[in-house]
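The values are calculated or read from the model by the stated rules, or taken from the named source; none is laboratory data. Computed from a predicted model, the values in this text were never measured in an experiment. Glycine gets a Cβ as well: all are built from the backbone with ideal geometry, and neighbour counts include every protein chain shown. With ligands, DNA and RNA removed, areas are computed over all heavy atoms of the protein, side chains included. Shrake-Rupley method; radii C 1.70, N 1.55, O 1.52, S 1.80 Å.
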Amino acid sequence: MDAAGKTGTTNDQRDAWFIGFTPELLTAVWVGLDGNQPIGLTGAQAALPIWTTFMKRALAGHPNVTFPPPDGLMFADIDKGNGKLATPMCPAVIHEAFLPGTEPRTTATCTAPSRSPTRYMDFFRSWDGYSAGT
């Protein structure tokens, strides 16, 4: 599901927290000791796993609701490798948001990914148990 959040850890790792939200639910988790002793964990180590477990259960069976983009943004397909406007030949593309006028104006020079037999064999060799008959 679409979600966003922020971890936090106080000095000397005395408190660990995570606050996160989906378009439907906001939840905060704090982990610490009432006597202010250090717990020795960060927000990502202590609070985030609790938040994740809770949110999965709380939202089980709910459809994924996406965050609506703020008004005034424009979107463009960007080549992941160089940050320029993507062409249909770019192998790795991300759909990115921009304030109007801040989007890249230069088009990427992308070529189709290699389709050589060696590349395919390397891919299959990465699987456990694959043998090319040798």
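May I ask for the net charge around P68, where only other residues with Cβ less than 13 Å from the Cβ of P68 are counted and Lys, Arg are +1 while Asp, Glu are -1?
In short, -3.
Please work out how much accessible surface D79 shows to a 1.4 Å probe, ignoring ligands, DNA and RNA, in Å² rounded to 10.
10 Å²
Take the stretch 1-104, drop everything but the C-alpha atoms, weight them equally and run the Debye formula without solvent; then report log10 I(q)/I(0) at 0.13, 0.18 Å⁻¹ to two decimals.
Taken in order of the listed q values, log10 I(q)/I(0) reads -0.71, -0.90.
Could you please put I39, I78 in sequence from largest to smallest accessible area, using a 1.4 Å probe?
I39, I78
At 1.4 Å probe size, put H62, H95 in order of accessible surface, largest to smallest.
H95, H62
Net charge near P38: determine it from the other residues with C-beta under 14 Å of the C-beta of P38, scoring Lys and Arg +1 and Asp and Glu -1.
Taking every Cβ under 14 Å from that of P38, the sum is -2.
Please work out how much length the chain gains when fully extended from A3 to A44, using 0.36 nm per residue of separation minus the C-alpha to C-alpha distance, in nm with one decimal.
So the chain would gain 13.2 nm between A3 and A44.
By a straight-distance test (C-alpha under 26 Å), which lysines pair with K56 as possible cross-link partners, with residues fewer than eight away in the same chain excluded?
Straight-line reach from K56, under 26 Å: K6.
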